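Below: the structure, in structure tokens.
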Amino acid sequence: MMRLCFKEHPYGRPIIGYEQTIRSFDRKAILKYMDKWYTPDNMVLVAVGDFDTALALKTINGLVRDFPKKACKAPYRPVEPAQTSLRKTVLNEDVQQIYLDMSWHTPPLTDRNLPALELLEIILAHGKSSRLYTRLKMQKNLVYSIDAGVWAPLDPGLFCIDATLSQDRLKSALEAIAGEIVRITNISVPGPELSKAKTMAEADFVYNMETMAGQARRLAFFQTMTGDMYNADDYLKRLKQVTPDDIGNVAKAYLRPQNLSIGILAPKGADIKLSSQEIVDLFSGAGKHPTHRIAESSKEDRDVSMVVLSNGMRVIIKENHNLPVVSLTGAFLGGTRLEGPEQCGISNFTAKMLTRGTKERSASEIASAVESSAGVLHGFSGKNSFGIRAKFLSKDLYPGIALVSDIVLSPTFPESEIAKVREDILAAIKAKKDRPTAQLFELFYETLFRHHSYGHPETGTEKSIQTMKRSDLIKWYKSLAIPSNFVLAVVGDMDREQLIPYIKALFANFKPSQGELPEVPPEPPLTQPRQAHLERTGAQTHLAIGYLGADLKSPHNASMALINTALSGQGGRLFYGLRDKKSLAYAVTSFRRPGLETGVFGLYLACDPKKLPIAKEAAFRELEVLRQKGLTPDELKEAKKYFLGNLKIGLETNGSQAMHMALDELYGLGYDDIKQFIRDIEAVTLKDIKRAVKEIILPERYVLVTVGPEPGNP
């Protein structure tokens with residue numbers, strides 16, 4: 001698509017380069033490039049966080065003291081000629097569905113029309129109450145997914161609409177998309193709809209400033225791209241000044257068929273009978289007529305606390321007044337772990353249905369209520385739990401949490417919405433055939449867990465989803481949606497003393513139940529190796545080797561977390577040993593997933609099929625070295641530093657804290673277990689590492705699965 005859109009400008013070239021250019025580079029060429037561009041006058045560094053500014057500046061000045069001081073000239077970039085006619089490309093590949101991309105040329109980041117274009121994108125395809133989602137998904141069910149985006153780089157960029165759908169609906173979907181573009185081009189956007197879009201844009205801006213990294217990225221972006229980081233302060237002001245006429249004018253100016261490039265990725269054998277003229281005719285009605293800064297909090301966050309309501313429901317509250325944002329997680333024990341053999345995928349199906357209708361609200365009313373306040377609300381499901389996640393501006397918290405309670409207490413699972421969700425899930429199951437890593441790990445879990453439900457695919461299978469009835473979803477939800485099995489965590493800008501009585505009133509009718517959750521026995525130990533292979537054409541073979549690992553309450557959990565850290569990533573032992581040193585794999589890493597009764601530890605690699613026997617042998621050799629020698633003192637020290645740093649970064653947002661606390665409490669660890677887990681990590685010794693690997697990385701008790709061309713014999 002980039003090559004189709006940009007015929008002259010370098011944006012049409014792949015960022016990673018071409019094979020012939022990469023092969024042509026030598027050390028001299030790379031050093032020359034660095035010498036030209038990696039100079040202090042061409043660099044921007046932004047630091048946000050808890051540090052001494054004067055000391056930081058002194059350190060930075062010292063680090064760049066010996067850099068060459070020379071001004072670098074901006075490179076010549078050819079101007080992309082104006083597009084004067086529609087461009088189209090159709091690719092037939094080994095995929096399971098249609099992938100549609102539509103792109104129009106737009107002005108650069110600094111153009112005065114950009115705020116209007118960003119609001120146009122929100123109105124058209126941002127969220128479930130947007131025009132394209134409402135018409136193509138909610139009303140006509142023509143697509144599996146649809147989205148839009150504004151790509152605004154330094155030079156002119158693109159306005160894009162992307163969708164996934166079935167082949168038989170392509171023409172109808174294009175007609176519907178064209179209809180909405182023609183409508184927004186020629187009919188003024190109503191004031192309330194524009195106001196909602198502005199609220200959503202403001203919320204996106206605030207949400208992205210929730211972390212220190214987000215603030216640093218925002219300032220660095222504006223400084224680098226516009227030459228003044230304080231232009232970030234003008235962002236909301238410019239958005240608020242956009243009028244309905246501005247929206248119509250930018251739609252007319254840019255969303256013209258002559259300015260459109262369209263790409264279609266279709267399954268092999270699909271005959272896409274869609275001429276360029278047909279597309280032009282569909283869009284012929286379009287274009288015929290011509291931050292505020294975040295103040296520092298003067299008050300420390302108050303400690304987290306938990307209240308157990310009379311019905312057994314647990315409520316965790318943490319105040320954080322740094323930003324006017326509140327996040328919620330409501331979680332039940334459930335997930336794949338509690339699915340029966342014939343219920344594969346029911347947790348995921350149920351979670352997706354939670355926001356599709358209650359006794360008081362329809363799916364569209366729920367979507368409209370959320371997006372009118374620029375909120376975020378969706379169901380989630382995993383291996384051990386399912387539930388609801390939400391985020392609202394603090395001024396909208398109370399109606400937002402009332403909506404969450406309505407969803408938890410009275411979902412109706414409407415048949416009309418079940419049909420839509422069923423089709424989406426079936427499309428997702430089918431789409432996994434386009435992703436070898438998804439196929440690999442599905443095969444891996446199925447091979448490792450022959451008795452435990454962790455072996456089920458979280459999406460379910462085509463058979464289980466096709467046969468699942470509304471009564472099955474209702475029965476399953478009612479069996480788990482009991483107060484004693486529910487944890488609600490709320491983190492953000494609110495007053496707990498006011499919020500707790502409100503929550504108590506909302507959930508007063510959440511009646512206790514005498515029902516008990518089923519006991520789940522752990523997976524029996526492996527007694528011998530298990531292997532499986534899925535044949536798939538391609539240039540790579542994907543491999544996973546795995547073992548039954550530590551569960552969340554295991555004394556080895558902290559040790560295995562550090563072992564995984566030391567092995568994985570580009571600085572890890574596996575990357576160095578198998579890729580950097582021996583060039584045996586394109587990608588290599590370790591992975592772990594601690595569960596409630598048992599866990600998983602293993603390694604993954606992707607390589608040239610011809611190298612698979614050697615790569616497999618080298619991987620087992622690395623595992624045996626780990627088993628015999630453990631980690632070095634330096635590896636353990638660096639793993640602790642890296643793991644704890646990333647753990648803290650991962651808990652910067654209100655939403656991540658709410659999810660973490662809700663699940664820790666739900667799993668029986670305690671909502672404040674993170675403090676103990678950090679202490680456990682810090683206390684791990686080299687002896688602990690050796691003890692853990694001796695008990696988990698057991699010779700001849702592993703699973704080995706491959707996806708790709710038939711592997712050679714070891």
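Modelled label-to-label distance, ASN509 and GLU624, 7 Å Cα→beta-carbon offset: nm?
Between ASN509 and GLU624, the label points sit 6.6 nm apart.
Express in whole angstrom the spacing between the alpha-carbon centres of the stretch 142-160 and the stretch 1-46.
Cα centres, the stretch 142-160 to the stretch 1-46: 23 Å.
Equivalent-ellipsoid semi-axes (√(5λ), Cα gyration tensor) for the stretch 220-280, whole Å, largest first?
38, 19, 9
Can you bin the stretch 1-49 into rounded, prolate or oblate? Criterion: square roots of the alpha carbon gyration tensor eigenvalues sorted a ≥ b ≥ c, rounded for a/c under 1.5, prolate for a/b above b/c, oblate for the rest.
Oblate is the answer for the stretch 1-49, as a/c is 1.5 or above yet b/c matches or exceeds a/b.
In whole Å, largest first, what are the principal axis extents of the Cα atoms in the stretch 333-429?
44, 27, 23
How high is the relative contact order of the stretch 605-697, given as a whole-number percent (alpha carbon pairs under 8 Å, six or more residues apart)?
40 percent
Show that you can apply the helix-only estimate: for the chain, add -39,500 (n - 2.57) for every DSSP H stretch of four or more residues, divide by all residues, and state [θ] at 222 nm to the nearest 500.
Rounded to the nearest 500, it is -12500 deg cm²/dmol.
With no solvent and one equal point scatterer placed on each C-alpha of the stretch 103-211, evaluate the Debye formula and give log10 I(q)/I(0) for q = 0.13 Å⁻¹, two decimals.
The computed values of log10 I(q)/I(0) come out as -0.52.
If you place +1 on the Cβ of every Lys and Arg and -1 on the Cβ of every Asp and Glu, how big does the dipole about the Cα centre of the chain come out, in debye to the nearest 20?
Roughly 1220 debye, rounded to the nearest 20.
Starting from the Kirkwood Rh over alpha-carbon pairs, what translational D in µm² s⁻¹ does the stretch 1-94 have by Stokes-Einstein at 4 °C and 1.567 mPa s?
72 µm²/s
So which trypsin sites (Lys or Arg not before Pro) in the stretch 425-533 end up in coil per DSSP with only 12 or fewer other C-beta atoms within 10 Å?
ARG450, LYS469
Restricting to the chain, what percent of DSSP beta bridges are antiparallel, rounded to 5?
Percentage antiparallel, nearest 5: 80.
Round to a whole angstrom and tell me the spacing of the C-alpha centers of the stretch 377-420 and the stretch 540-613.
35 Å
So if we plug the beta-carbon distance of GLU700 and ILE678 into 1/(1 + (r/R0)^6) with R0 = 35 Å, what FRET efficiency do we get, rounded to 0.05?
Approximately 0.45, to the nearest 0.05.
Could you tell me whether the stretch 298-388 comes out rounded, prolate or oblate from its Cα gyration tensor? Rule is a ≥ b ≥ c as square roots of the eigenvalues, rounded for a/c under 1.5, then prolate if a/b exceeds b/c, otherwise oblate.
Here the stretch 298-388 falls in the oblate category.
Counting only residues 5 or more places away or on other chains, whose amide H sits under 5 Å from the amide H of LYS88 once H atoms are built in the peptide plane?
ILE262
Using a probe radius of 1.4 Å on heavy atoms only, what accessible surface per residue do you get for the chain? Whole Å² is fine.
49 Å²
Just in the stretch 573-612: which trypsin sites (Lys or Arg not before Pro) are loop by DSSP and have at most 15 other Cβ atoms within 10 Å?
Within the stretch 573-612, the qualifying trypsin sites (Lys or Arg not before Pro) (loop, at most 15 other Cβ atoms within 10 Å) are LYS581, LYS582.
Please report the Cα spread of the stretch 318-358 along all three principal axes, rounded to whole Å, starting with the longest.
Largest to smallest, the principal-axis extents are 47, 24, 12 Å.
Looking at the calculated P(r) for the stretch 554-684, what percent of the C-alpha pair distances fall above 22 Å?
44 percent
Calculated from the structure, percent of Cα pairs over 44 Å apart equals which of (1) 23; (2) 31; (3) 66?
Identified label for the calculated read-out: (2).
So how many Å³ per residue does the convex hull of the Cα atoms of the stretch 588-665 work out to?
Dividing the Cα hull volume of the stretch 588-665 by its residues yields 149 Å³.
Select from the stretch 72-118 those trypsin sites (Lys or Arg not before Pro) which occupy a DSSP coil region and have at most 16 other Cβ atoms within 10 Å, ordered by residue number.
Listed in order of number, the matching sites are LYS73, ARG112.
Which net charge results when you count Lys and Arg as +1 and Asp and Glu as -1 among the other residues whose beta-carbon is under 15 Å from that of ASP168?
After counting each charged neighbour, the total is +2.
Could you work out what % of the accessible surface of the chain is carbon and sulfur, using a 1.4 angstrom probe and leaving DNA, RNA and ligands out of the count?
After summing per-atom areas, the C and S share lands at 53 percent.
Could you list, bin by bin from short to long, the percent of Cα-Cα pairs of the stretch 420-573 in 10 Å steps?
Computed distribution, short to long bins: 7, 21, 28, 27, 13, 3, 0.
In sequence order, what are the phi-derived ³J(HN,Hα) couplings for the stretch 471-482 according to the Karplus relation 6.51 cos²θ - 1.76 cosθ + 1.60 with θ = phi - 60°, rounded to whole Hz, with x for glycine and proline?
Values per residue, Gly and Pro as x: 4, 5, 5, 4, 4, 5, 4, 5, 5, 10, 7, 10 Hz.
The values are calculated or read from the model by the stated rules, or taken from the named source; none is laboratory data. Computed from a predicted structure; not experimentally measured. Using ideal geometry, Cβ is built from the backbone for each residue, glycine included, and neighbour counts are taken over all protein chains shown. What goes into the accessible areas is simple: the full protein's heavy atoms, side chains included, and nothing from ligands, DNA or RNA. Shrake-Rupley method; radii C 1.70, N 1.55, O 1.52, S 1.80 Å.
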